[in-house]
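Have a look at the structure below, then the notes.
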Amino acid sequence: MNTFDDLPCAILHTDSSGAILQMNQELLRTIGAVGGATRPAAVEQMMPPASRIFLQTHLLPMLMREGQVREIYLHLRTQQGERLPVMVNIASGTLAGTPCYVWALFVAHERSRFEAELIKSRNRSEASAELADVQRRFTQRLADASGRAIAFFDLAARCRFASIRFAMLTGRSLPSLENCAWHEVFDAATCTQHRGHLEAALRGDDDCNAAQVAAAAGAWRAAYLSSRNSTGIVDGCFMVEQNTEPVC
């Protein structure tokens, strides 16, 4: 039995320049160099351009410096022109008394698929974040253009969004309103007067009856409107300045 050829992983021996001294049958099968196919004379001949550059600029210098490398991710190119992802371990050794490097290569299809899925997931997340930012800016512009004081409070009664006029009437800046609790935005008297309206809207009952808000910038009136997500579940409510036009 030829132990070298019977090993269940791809093995080859090279000199310090990457010239191939010998390779086993598993590697030949892996790259499709069986039968009368031409066998590569150097490691770089089995690699696509990107891996070939990495070999010359990083991998071989690292081997010369440290004598070994572990878990390097590369691609091979088969005789049929297909890219094959592999994990590579390399260590110093000898072949017939001559110093060499011993390469062990493991096909890594699953890792390649996993990384592809990670890239797709990252791209989707980036696209979603970009879309959310566009929607946020669009909503902000619409709310500001309406000329009304508008704010959105989530189920925990924390402010998640506010128009410029809402910030002006409450005497706050937009950044300070973000995530601010509803009861911290208004004085005690206003909270007492408005709490029932807020709680009704957060239960899903629109309360179109405007209640007065006392503020240093002048008194104004506001109504509370429930907000529902795409499945119809209440996810918060809008506090909307009431003027001569009904809000619901």
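Determine the per residue accessible area of the stretch 119-190 with all protein chains present and a 1.4 angstrom probe, expressed in square angstrom.
Per-residue value: 62 Å².
P(r) tail for the stretch 48-201, what percent of Cα pairs lie past 23 Å?
Counting every Cα pair in the stretch 48-201, those more than 23 Å apart make up 63 percent.
In what order, largest first, do C9, C159 sit by accessible area if the probe radius is 1.4 Å?
Details: C9 30, C159 0 Å².
Greatest to least solvent exposure: C9, C159.
What is the gain in length, in nm to one decimal, between Q22 and S125 on full extension, counting 0.36 nm per residue of separation less the C-alpha to C-alpha distance?
Using 0.36 nm per residue and subtracting the Cα-Cα distance, I get 32.4 nm.
Can you tell me the accessible area per residue over the stretch 1-65, all protein chains present, probe 1.4 angstrom, in square angstrom?
52
How much accessible area does F186 have with a 1.4 Å probe, in Å² rounded to the nearest 10?
Approximately 20 Å² of F186 is accessible to the 1.4 Å probe.
If you roll a 1.4 angstrom probe over the protein chains with everything in place, what fraction of the accessible area of the chain belongs to carbon and sulfur, to the nearest %?
Roughly 54 percent, rounded to a whole number.
Students sometimes get this wrong: rank V102, V134 by accessible area, probe 1.4 Å, all chains present, largest first. Don't skip to the answer; put the middle values down first.
On the way: V102 45, V134 70 Å².
Reading off the accessible areas and sorting them downward yields V134, V102.
Suppose the chain between Y73 and R29 were pulled fully straight at 0.36 nm per residue; how much longer would it get relative to their current alpha carbon spacing?
13.9 nm
Could you compute the FRET efficiency for F138 and A219, with r as their C-beta to C-beta distance and R0 at 30 Å, rounded to 0.05? Display every interim value, and only then the final one.
Details: r = 31 Å, r/R0 = 1.03.
The formula returns an efficiency of 0.45 here.
Against the longest principal axis of the chain, how steep is helix 188-203, in degrees 0 to 90 to the nearest 10, with axes from Cα atoms?
So the inclination is approximately 60 degrees.
Against the longest alpha carbon principal axis of the chain, how many degrees, from 0 to 90 and to the nearest 10, is the axis of helix 109-146 turned?
Tilt relative to the chain: about 20 degrees.
Rounded to the nearest 10 Å², what accessible area does H13 show when all protein chains are kept and the probe is 1.4 Å?
20
In debye, nearest 20: dipole of the stretch 159-212 around its Cα centre with unit charges on the Cβ of K, R (+) and D, E (-)? Intermediate values should be presented prior to the final figure.
Details: 5 positive and 7 negative charges, 34 e Å.
It works out to roughly 160 debye.
The values are calculated or read from the model by the stated rules, or taken from the named source; none is laboratory data. Remember, it's a predicted structure, so these values are computed and weren't measured experimentally. A quick note on method: Cβ atoms are made from the backbone with ideal geometry, for glycine too, and the neighbour counts reach across all protein chains shown. The protein model used for the area step is the full one, side chains on, heavy atoms only, and it has no ligands, DNA or RNA in it. Shrake-Rupley method; radii C 1.70, N 1.55, O 1.52, S 1.80 Å.
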